[in-house]
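Have a look at the structure below before the remarks.
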Amino acid sequence: AGTALLARELRHFGGNPSYMLNCGLGILLLPLGGTALLWKRDLLDVLQPMVGGQGIALILCALVCLLASMNLMAAPSVSLEGRTLWLVQSLPVVPWQALRAKLDVQLVLTGVPVLFCALCMVIVLPGSVLEKVLLVIVALLYTLLSALAALALGLKMPNLTWTNETTPIKQSGCVMLSLFANWFYALALGGLYFLCGNALSAAVYLAIFAVVTAAGSALLLHWVKQRGARIFAAL
């Protein structure tokens with residue numbers, strides 16, 4: 001059932017050009033960003049004197065997150081069910097399974113490009129092995145957190161009365177909030193380190209962000225599986 005639901009969500013995403021363009025731009029930008037950095041790795045030599053050796057790891061990690069923030073498939077996914085929501089609700093599956101499929105679309109379509117981009121950055125990053133590992137971990141945890149946050153906002157701000165699918169995609173409050181929240185996270189990741197006066201090493205700073213992101217993801221996952229599933233069933 002889970003595979004069938006995921007395939008259904010992927011077909012919906014792939015069959016709607018507006019959905020792909022407005023909520024899946026990161027699928028294209030992440031590989032391009034990673035490849036461009038490999039091609040023009042000398043840019044790091046220009047950047048390093050401005051941000052310091054350790055600061056580069058933070059800038060690159062924030063850049064991955066910023067590119068990934070363009071993927072918002074989960075935000076309008078509940079609203080896109082529209083008046084046919086009852087079809088999903090009538091399936092012999094628990095609400096969490098239907099929500100899990102919507103979550104997995106963003107995780108799969110964002111996680112793979114994020115991993116590719118992060119690994120490209122690891123190749124050119126002059127930092128320690130620990131910094132490189134933490135960069136990848138934070139980027140992947142961000143992917144999980146952003147997908148869960150998008151789905152949670154979609155459950156709290158549904159629009160099931162639209163007459164055109166572009167309405168919940170382009171004019172949805174949950175999509176805009178998800179995008180702004182993603183940008184805030186990426187900017188905080190890159191900016192707080194320098195505002196703190198570099199009091200922490202890049203590795204420690206990334207480790208703290210990893211723990212905070214993992215904790216936030218765990219809380220959101222619990223909310224979606226419990227409260228979110230009940231909201232979905234009652235829509």
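The values are calculated or read from the model by the stated rules, or taken from the named source; none is laboratory data. What you see is a predicted model, and the numbers here were worked out from it, not measured in a lab. With ideal geometry, Cβ positions are generated from the backbone for all residues, glycine too; neighbour counts draw on all protein chains shown. Protein only, heavy atoms only, side chains kept; ligands, DNA and RNA dropped before computing areas. Shrake-Rupley method; radii C 1.70, N 1.55, O 1.52, S 1.80 Å.
For the range 22-142, list log₁₀ I(q)/I(0) at each q in 0.13, 0.20, 0.22 Å⁻¹, using the Debye formula over Cα point scatterers of equal strength and ignoring solvent, two decimals each.
With no solvent term, the Cα-only Debye profile gives -0.58, -1.02, -1.16.
Which residue, H12, W39, T84, has the largest displacement toward the positive end of the dipole of the range 1-116 when charges sit on each Cβ (Lys, Arg +1; Asp, Glu -1)?
The one lying farthest along the dipole's positive direction is T84.
Note down, for the range 143-235, the three equivalent ellipsoid semi-axes (square root of 5 times each alpha carbon gyration tensor eigenvalue), biggest first, whole angstrom.
Here the semi-axes work out to 32, 17, 7 Å.
Taking the solvent-accessible surface of protein heavy atoms with a 1.4 Å probe, what is the per residue accessible area of the range 1-142 in Å²?
45 Å²
On the accessible surface of the range 38-156, probed at 1.4 Å, how many percent belong to carbon and sulfur atoms?
73 percent
Could you tell me how many cubic angstrom of Cα convex hull volume the chain has per residue?
Considering the Cα atoms of the chain, their hull volume per residue is 116 Å³.
Report, in order of residue number, the helices in the chain meeting two criteria: a C-alpha extent of 15 Å or more along the helix axis, and a mean Kyte-Doolittle hydropathy of at least -0.5; treat each whole DSSP H run as one helix.
2-14, 26-39, 55-68, 95-124, 129-156, 173-195, 202-223
Can you pull the Rg over Rh of the range 97-156, Cα-only, Kirkwood? All intermediate terms of the calculation are to be shown ahead of the outcome.
Working: Rg = 13.8 Å, Rh = 12.5 Å.
My calculation of the ratio gives 1.10.
Return the long-range amide H neighbours of G24 (sequence gap of 5 or more, or a different chain), with a cut-off of under 5 Å between placed amide H atoms.
L72
With a 1.4 Å probe and all protein chains in place, put D104, D42 in order of accessible area, largest first.
Descending accessible area places them as D42, D104.
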